[in-house]
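The next block holds one structure in the form of structure tokens; read it before the comments.
The values are calculated or read from the model by the stated rules, or taken from the named source; none is laboratory data. This structure is a prediction, so every number in the text was calculated from the model and none was measured. Cβ placement follows ideal geometry from the backbone for every residue including glycine, while neighbour counts extend to all protein chains displayed. Please note that ligands, DNA and RNA were not included when accessible areas were found on the heavy atoms of the full protein model with its side chains. Shrake-Rupley method; radii C 1.70, N 1.55, O 1.52, S 1.80 Å.
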Amino acid sequence: MSPMISIDNVSKWYGDFQVLTDCTTAVAKGEVVVVCGPSGSGKSTLIKCVNALEPFQKGSIIVDGISVGDPKTDLPKLRSRVGMVFQHFELFPHLSITDNLTIAQVKVLGRQPDEARDKGLKLLDRVGLAAHAAKYPGQLSGGQQQRVAIARALAMDPIAMLFDEPTSALDPEMINEVLDVMTQLAHEGMTMMCVTHEMGFARRVADRVIFMDRGMIIEDCAKDDFFGSPRSERAQQFLSKILQH
Amino acid sequence: MNYHWDWAVFFKSTGIGDEIYLDWFVAGLGWTVAVALVAWCIALALGAVLGVMRTLPNKALSGVATAYVELFRNVPLLVQLFVWYFLVPDLLPERAQVWFKQELNPTTSAYLSVVACLAFFTAARVCEQVRTGIQALPRGQTMAAMAMGFSLPQVYRHVLLPQAFRIIIPPLTSEFLNIFKNSSVASLIGLMELLAQTKQTAEFSANLFEAFTLATLIYFVLNMSLMKGMGWLEKRVAVPGLIGSGGK
Ligand SMILES: Nc1ncnc2c1ncn2[C@@H]1O[C@H](COP(=O)(O)OP(=O)(O)OP(=O)(O)O)[C@@H](O)[C@H]1O
Ligand SMILES: [Mg+2]
């Protein structure tokens, strides 16, 4: 079976500066892949290339059979099928939680407002926030906002979910409520690519771990291999640093 | 100074038909409002479009908007008015020239010129406010909206502009008041708006002080009510839970 996301020899430059160098990996349907690595190593850039939020100059990325780099690809349509969750939640502050959950369903997918609402509220209930439907993002805690952001992405019935450090802007006591939602999602068979430094989550939930450094994928292996015996010195250093905390 | 104060002057006959001076003020206020409101609507629409253009990645589009702003912000308003009134009509096609110069009555042609002048002048200022408002928003908002499948126009329509306009209500309010104040330039090309009517009353009645006191009062009350109105609007569209939104 061909993978849900396949990244093949992708390179990207900002002017003269090469951010990504020959990155190759794949995410199978239902697989959970954690991407980690030091700050500035290109993790965010790589996952933003997957839904074409960032263009890349070399290589190819295929998502569910559709080539992201192909100029003929309908990018908005492709993006609407891939959910993305950001470090800073990025809920729309001027819209109520309900409207945040429905606006793209209605404007992008063309669903009826009633249908979109039902779907949105069901997902809000799933992330444990049914009581907050009428509130605005500014009235929720960070952890709650991030759970809404996940529900908002799920409302589009995505074929895969991308997470870019979803917990790193959260106070420690709120991290788990978000990780719990992500864990549940993984158990339900969602295809997920998560940039995160939550190694506990990676150990429990990930199938594979990708380690990046200076724009290159240094390690790409099964979780147990990664935590058991990372081959590269850099990954070992990174792990020992991060696991001290 | 043996000035003869007479506050009852406004109720005296002007000697023209059965009009009293107060009628002139009412008519003048009517023109002032008609100029300012129509010019404001155009300025708001055009300024929003230009403001959006300035934030687009497309260099040509943002360049056009930048050039527009530089041009209209750096030429004095009065010069712009005279250009619109005396020069622009000569640049129109033959047929339109005849229509503008001969078929329109002078009041209408003066009205059109001053509306165009204030609309284009104010649009440059609105453009800058809109641009500032959009640029004040976190870049992640655009990212998130794009990631959900919104097209660029939808990102602006549903995500950026509703937030940007909320942020810029206070500076827009002052542009809105300015357009009322600036509308007094119309008196220079013969449109009988509030200032022109005041001068005429002063000349006809010789009650200069009363006339200008009333005009001052009218401008003041007008601007205060506009400010109150905009304050109400700001409260109404305030987003709950957002800092600096005025609402709770
Ligand atoms: N728009 C840009 N222009 C130029 N350089 C950029 C741009 N965006 C990112 N970079 C650079 O690209 C590199 C990779 O950035 P990226 O955000 O992908 O790193 P990251 O691994 O996600 O880091 P972090 O853990 O800090 O989020 C960094 O060195 C960054 O400075
Ligand atoms: Mg990052």
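The table that follows gives values for the structure above.
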{"read-out": "Full-stretch length increase - A:Gln184, A:Ser60 - with 0.36 nm per residue and alpha-carbon distance subtracted", "value": "41.5 nm"}
{"read-out": "11 Å cut-off, amide nitrogen to a point 7 angstrom out along A:Asp207 Cα→Cβ, residues in segment A:7-31", "value": "A:26-31"}
{"read-out": "In Å², nearest 10: area of B:Met224 left accessible to a 1.4 Å probe", "value": "80"}
{"read-out": "Residues in segment A:33-61 that, when all protein chains are in place, have 10 Å² or more less accessible area than the chain alone would give (probe 1.4 Å)", "value": "A:Lys48, A:Leu53, A:Glu54"}
{"read-out": "Net charge of Cβ neighbours under 15 Å - reference B:Met192; Lys, Arg +1; Asp, Glu -1", "value": "-3"}
{"read-out": "Efficiency of FRET between B:Val64 and B:Arg157 - r from beta-carbon atoms, R0 22 angstrom, step 0.05", "value": "0.60"}
{"read-out": "Delta accessible area of at least 40 Å² on complex formation, residues of segment B:143-180, 1.4 Å probe, chain isolated as reference", "value": "B:Met143, B:Ala144, B:Met146, B:Ala147, B:Met148, B:Gly149, B:Phe150, B:His158, B:Gln163"}
{"read-out": "Vicinal HN-Hα couplings computed from phi for segment B:177-184 (Karplus, 6.51 cos²θ - 1.76 cosθ + 1.60; Hz; Gly/Pro x)", "value": "5, 4, 5, 5, 5, 5, 4, 5"}
{"read-out": "Heavy-atom surface of chain A, accessible at 1.4 Å and reported per residue (Å²)", "value": "43"}
{"read-out": "Chain B, helix-only ellipticity at 222 nm - DSSP H runs n ≥ 4, -39,500 (n - 2.57), divided by all residues, nearest 500", "value": "-22000 deg cm²/dmol"}
{"read-out": "Lys, Arg +1 and Asp, Glu -1 on Cβ, resulting dipole of the protein assembly as shown about Cα centre, debye, nearest 20", "value": "300"}
{"read-out": "Phi-based couplings in Hz for segment A:214-224 (Karplus 6.51, -1.76, 1.60; Gly and Pro marked x)", "value": "6, x, 10, 7, 8, 10, 8, 8, 4, 3, 4"}
{"read-out": "Among B:Ser62, B:Pro106, B:Leu233 - extreme Cα towards positive end, dipole of segment B:7-237, charges at beta-carbon", "value": "B:Ser62"}
{"read-out": "Label-reachable residues, segment B:1-26, where backbone N falls under 15 Å from a point 7 Å from B:Ala206's Cα toward its Cβ", "value": "B:1-7, B:9"}
{"read-out": "Solvent-accessible area buried by A and B, counting both chains, probe 1.4 angstrom, square angstrom", "value": "2000"}
{"read-out": "Cα gyration tensor shape of segment B:99-248, rounded if a/c is under 1.5, else prolate or oblate by comparing a/b with b/c", "value": "oblate"}
{"read-out": "Efficiency of FRET between A:Ser240 and B:Trp232 - r from beta-carbon atoms, R0 60 angstrom, step 0.05", "value": "0.50"}
{"read-out": "Inter-part distance where segment B:11-60 and segment B:159-196 are each reduced to a Cα centre, Å", "value": "8"}
{"read-out": "Accessible surface, chain B, averaged per residue in Å² (probe 1.4 Å)", "value": "51"}
{"read-out": "Karplus 3J(HN,Hα) series, Hz, for segment A:187-200 with 6.51 cos²θ - 1.76 cosθ + 1.60 (x for Gly, Pro)", "value": "5, 7, x, 5, 7, 9, 10, 10, 7, 7, 9, 7, 5, x"}
{"read-out": "Mean-position separation - Cα centroids, segment A:42-57 and segment A:216-236, in angstrom", "value": "22"}
{"read-out": "Positive-end residue of B:Ile42, B:Thr32, B:Cys117, charge dipole of segment B:7-237 with Cβ unit charges", "value": "B:Ile42"}
{"read-out": "Protein accessible area in the protein assembly as shown, 1.4 Å probe - carbon and sulfur %", "value": "59"}
{"read-out": "Test item: Cα-centred dipole of segment A:1-113, Lys/Arg +1 and Asp/Glu -1 on Cβ, debye", "value": "240"}
{"read-out": "Solvent-accessible area of A:Arg152 with every protein chain in place, 1.4 Å probe, in Å² to the nearest 10", "value": "10"}
{"read-out": "Summed residue charge, Cβ within 10 Å of A:Ser44's Cβ, Lys/Arg positive, Asp/Glu negative", "value": "-1"}
{"read-out": "Complex-versus-alone comparison for segment A:62-101, residues with a loss of 30 Å² or more in accessible area, probe 1.4 Å", "value": "A:Pro76, A:Arg79, A:Phe86, A:Glu90, A:Phe92, A:Pro93, A:His94"}
{"read-out": "Calculated [θ] (222 nm, deg cm²/dmol) that DSSP helices of n ≥ 4 give over chain A, each run adding -39,500 (n - 2.57)", "value": "-11500 deg cm²/dmol"}
{"read-out": "Dipole in debye (nearest 20) - segment B:85-216, about Cα centre, beta carbon charges: Lys, Arg +1; Asp, Glu -1", "value": "600"}
{"read-out": "Aspartates and glutamates whose Cα lies under 15 Å from that of A:Lys122, excluding same-chain neighbours fewer than 8 positions away", "value": "A:Asp99, A:Asp114, A:Asp157"}
